[in-house]
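No value in this document is a laboratory result; all are computed from the given coordinates. Keep in mind that this is a model prediction, so the values were computed, not measured. Here the Cβ positions follow ideal geometry from the backbone for every residue, glycine too, while neighbour counts run over all protein chains shown.
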Amino acid sequence: MLVLGTFLLGGCNLPTFGAFRGVTVQAKDEFKLWQAMLIAGIIVAAFVYVLIFWAAIGYRRRHDDHFPHQFHSNKPVEVVYTALPILIVFGIFWVTVLTENNVDAVSNSPSEIVNVLAYRWGWQFSYSSGNGASQGVLIKTAAEPKLLAQPATSSEYPQLVLPEGETIRIVLKSADTIHGFYIPEFNFSRYAQPGVTNVFDFTPTVNGVYTGQCSQYCGLYHSEMIFSVRVEPAAQFQQWLTSTQSSQAQGAA
């Protein structure tokens with residue numbers, strides 16, 4: 001039954017339970033963990049409620065006031081309901097550790113390095129090659145702090161451009177207070193803390209434009225600390241990188 005159930009579930013489009021399926025390798029690992037834990041929880045809940053209703057209905061008080069048979073213990077049942085939850089907890093702990101290790105792992109040879117600086121109230125993205133050499137591309141919040149209430153894709157906000165299918169190193173810092181680097185569809189959030197450098201990798205797998213935002217209240221214009229992420233094929237990314245290098249070099253001159 002377990003083997004058959006595995007094949008049946010493998011062919012189903014299981015619900016997301018309110019989470020994003022993820023558009024990076026790391027996000028998909030997180031989504032699978034979320035999905036597995038919710039399904040396990042539903043199974044346990046169903047089993048518990050069946051037992052509750054069975055006991056409440058099947059053993060309710062009868063009109064004849066018959067006193068039910070009493071017994072002190074049932075060792076096999078006690079072993080099962082003690083050991084099974086322990087095994088479930090250890091299983092959840094184990095797969096969580098494996099998933100966290102996969103998400104936090106960093107590659108020895110990333111394709112690009114993006115230095116992300118969070119500040120009141122905006123973002124700055126500077127690009128470097130995989131060996132750390134600056135590529136002369138700097139993207140940052142264009143607007144002065146004010147309540148714009150524009151979509152994340154507005155030109156007032158910066159756009160982080162990433163190549164599809166390649167591992168990107170993010171080096172995250174803060175210039176002042178604690179900010180949160182959060183991209184919902186990447187299933188990822190990480191603090192930007194003053195004096196602390198957080199390093200992690202993304203491997204985007206789905207082309208598109210996604211919204212990012214600060215997830216830690218940081219002051220008056222916290223709501224304006226938004227940005228967008230554009231994932232595109234590697235060839236188009238290289239074209240964008242080259243053209244941006246050229247335009248920014250001309251602007252500096």
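Let a ≥ b ≥ c be the square roots of the eigenvalues of the Cα gyration tensor of the stretch 112-252; is it rounded (a/c under 1.5), or, if not, prolate (a/b larger than b/c) or oblate?
Values: a/c = 1.44, a/b = 1.33, b/c = 1.08.
It comes out rounded by the Cα gyration axes.
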**Asked** Which percent, nearest 5, of DSSP beta bridges in the stretch 112-252 are antiparallel?
**Response** 70 percent
**Request:** Determine the dipole magnitude for the chain: charges of +1 sit on the beta-carbon of Lys and Arg, -1 on that of Asp and Glu, nothing else is charged, the reference point is the Cα centre, and the result goes in debye to the nearest 20.
**Result:** 400 debye
**Prompt:** Once the Cα atoms of helix 25-58 and of the chain are each reduced to a long axis, what angle between those two axes, in degrees from 0 to 90 to the nearest 10, is obtained?
**Reply:** 20 degrees
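Pulled fully out, how much extra length does the chain show between GLN35 and GLU166, if you take 0.36 nm times their separation in residues and subtract their Cα-Cα distance?
Full-extension gain reported as 44.6 nm.
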**Message:** I'd like the FRET efficiency for SER155 and LEU14, computed as 1/(1 + (r/R0)^6) with the beta carbon distance as r and R0 of 25 Å, rounded to 0.05.
**Reply:** 0.05
**Message:** Whole percent per 5 Å bin, from 0 to the bin with the longest distance: what is P(r) over all C-alpha pairs of the stretch 192-253?
**Reply:** 4, 12, 13, 17, 19, 18, 15, 3
**Prompt:** Pairing the Cα long axis of helix 75-104 with the longest principal axis of the chain, what angle in degrees results, from 0 to 90 and rounded to the nearest 10?
**Reply:** 10 degrees
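What percent do you get for the relative contact order of the chain when only Cα pairs under 8 Å and 6+ apart count?
Values: 401 pairs, mean separation 51.2, N = 253.
For the chain, the relative contact order is 20 percent.
Would you calculate the convex hull of the Cα atoms in the chain and tell me its volume per residue in Å³? Before the final figure, lay out the partial values.
Numbers: hull volume 55.8 nm³, N = 253.
Per residue, the Cα convex hull of the chain comes to 220 Å³.
Once the piece of chain linking ALA45 and GLN238 is laid out straight, how much longer is it, given 0.36 nm per residue of separation minus the C-alpha distance between them? Please report the intermediate quantities before stating the final value.
Working: separation 193, 0.36 × 193 = 69.48 nm, distance 5.05 nm.
So the extension gain works out to 64.4 nm.
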**Top positive-direction residue, dipole computed over the chain with Cβ charges, set VAL77, TRP34, LEU87** = VAL77
**Prompt:** What's the angle, to the nearest 10 degrees (0 to 90), between helix 234-252's Cα axis and the longest principal axis of the chain?
**Reply:** 40 degrees
**Asked** To the nearest 500 deg cm²/dmol, what mean residue ellipticity at 222 nm is calculated for the chain from DSSP H runs of n ≥ 4 alone, each contributing -39,500 (n - 2.57), summed and divided by the residues?
**Response** -13000 deg cm²/dmol
**Message:** Need one number: % antiparallel among DSSP beta bridges in the chain, to the nearest 5.
**Reply:** 75 percent
